Amino acid sequence: MDQLLSLLSSPLYADKLVGYMTVSVLMRNTDPQMTLVVQAVKNDLQSTQDSVQCLALAAIANLGGKELAEAVATDVQRILFSRAIFPVVRKKAALCLLRLVRISRDLMPAEEWSRKLITLLEDKHLGVVLSVTTLIMGLAERDPAAYEAATGHLLVWLTRLAVNKHVTEDYLYHGTPCPWLQVRVAAGCSGV
């Protein structure tokens, strides 16, 4: 266990990668040593390196567990809402939050979070919008009325993509503007 913690605490990316892979494969969220791992994960969520934050978010989603979810939820929420953090990390944070909310439903009460999440649909990065749309749809399954306001934002995105074809070159897939987001938004408009 000491070697595993030293790998997780190492400043080297390769060591952290091995440590997180080991944790994901060999540990369960109910193991008594999880409290030590949780602290290492929380430290990596505070890191300024996007690759380290991504490793921690992936480990959180893989491990799950109520104790871990409650311990890291505020850090993951902070990452999602921070405009200073790279979009790739924010995408992972949105999907990680969906996993955490499915474990512990009271982490993101709709009355507190719905408006904040819906504002993220105005993000300029399409990957963030796709991940947030997935998160909102997951949350709307249990409380659809709280997320009805998202429908207007999703319709704007669908119009932007399908009708106006307003995307940058890197979001075109065989001439179709961001088809994954179109499908997710269309499903969100019909389901929310």
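The values are calculated or read from the model by the stated rules, or taken from the named source; none is laboratory data. A quick note: this is a predicted structure, and the numbers were derived from the prediction, not measured. Glycine also receives a Cβ, built like all others from the backbone with ideal geometry; neighbour counts cover every protein chain displayed. Remember, those area values only see protein heavy atoms, side chains included, never the ligands or the DNA or RNA. Shrake-Rupley method; radii C 1.70, N 1.55, O 1.52, S 1.80 Å.
Using θ = phi - 60° and the Karplus curve 6.51 cos²θ - 1.76 cosθ + 1.60, what whole-Hz ³J(HN,Hα) does each residue of the stretch 89-106 get, with Gly and Pro shown as x?
The phi angles translate into 6, 5, 4, 5, 5, 4, 5, 5, 4, 4, 4, 5, 5, 5, 7, 10, 4, 8 Hz.
Computed FRET efficiency, Cβ-Cβ of residue 15 and residue 50, R0 22 Å: what is it to the nearest 0.05? Walk me through the numbers on the way to the answer.
Values: r = 17 Å, r/R0 = 0.79.
Using R0 = 22 Å, I get an efficiency of 0.80.
How much mean residue ellipticity at 222 nm does the chain get from its helices, if each DSSP H run of length 4 or more adds -39500 (n - 2.57) and you divide by all residues, to the nearest 500 deg cm²/dmol?
On the way: 10 runs with 128 residues, N = 192.
Roughly -21000 deg cm²/dmol at 222 nm, from the helical runs in the chain.
Net charge within 13 Å of residue 13 by Cβ-Cβ distance, Lys/Arg positive one each and Asp/Glu negative one each, not counting residue 13 itself? All intermediate terms of the calculation are to be shown ahead of the outcome.
Values: positive: 16; negative: 15, 44, 50.
The answer is -2.
Take the Cβ-Cβ distance between residue 183 and residue 3 as r, set R0 to 41 Å, and report the resulting FRET efficiency rounded to the nearest 0.05.
On the way: r = 44 Å, r/R0 = 1.08.
My answer for the efficiency is 0.40.
So what's the angle, to the nearest 10 degrees on a 0 to 90 scale, between helix 179-191 and the longest Cα principal axis of the chain?
80
Defining a contact as two alpha carbons under 8 Å apart and six or more residues distant in sequence, what relative contact order in percent does the chain show?
14
Enter the accessible area per residue of the stretch 111-171 (Å², integer; probe 1.4 Å; all protein chains in place).
On the way: 3260 Å² over 61 residues.
Counting only protein heavy atoms, the per-residue value for the stretch 111-171 is 53 Å².
Can you tell me how the stretch 64-104 classifies by the Cα gyration tensor, rounded, prolate or oblate, using a/c under 1.5 as the rounded cut? Don't skip to the end; give the middle numbers.
Working: a/c = 3.10, a/b = 1.97, b/c = 1.57.
Note, shape of the stretch 64-104 comes out prolate.
Just how much of residue 159 is accessible, in Å², when a 1.4 Å probe is used and the result is rounded to the nearest 10?
Surface open to solvent at residue 159 totals about 70 Å².
Roughly how many percent of the accessible protein surface of the stretch 33-164 is carbon and sulfur, given a 1.4 Å probe and a whole-percent answer? Walk me through the numbers on the way to the answer.
Values: 3140 of 5880 Å².
Heavy-atom surface of the stretch 33-164 belonging to carbon and sulfur, 1.4 Å probe: 53 percent.
For the stretch 88-192, state which GluC sites (Glu not before Pro) are in a DSSP loop and have at most 13 other beta carbons lying within 10 Å of their beta carbon.
Numbers: sites: 111, 112, 122, 141, 148, 169; in loops: 141, 148.
Those satisfying the criteria are 141, 148.
Over the alpha-carbon set of the chain, divide Rg by the Kirkwood Rh and report the Rg/Rh ratio to two decimals.
1.01
Subtract the Cα-Cα distance of residue 167 and residue 123 from 0.36 nm times their separation in residues, and report this length gain in nm to one decimal.
Details: separation 44, 0.36 × 44 = 15.84 nm, distance 1.31 nm.
Extending this stretch completely gives an extra 14.5 nm.
Which whole-Hz ³J(HN,Hα) couplings does the stretch 156-171 yield from phi under the Karplus relation 6.51 cos²θ - 1.76 cosθ + 1.60, θ = phi - 60°, glycine and proline marked x?
Values, residue by residue: 4, 5, 4, 5, 4, 7, 7, 8, 7, 6, 8, 9, 6, 4, 6, 10 Hz.
In Å², what does the accessible area per residue of the stretch 1-96 work out to with a 1.4 Å probe?
Value for the stretch 1-96: 50 Å² per residue.
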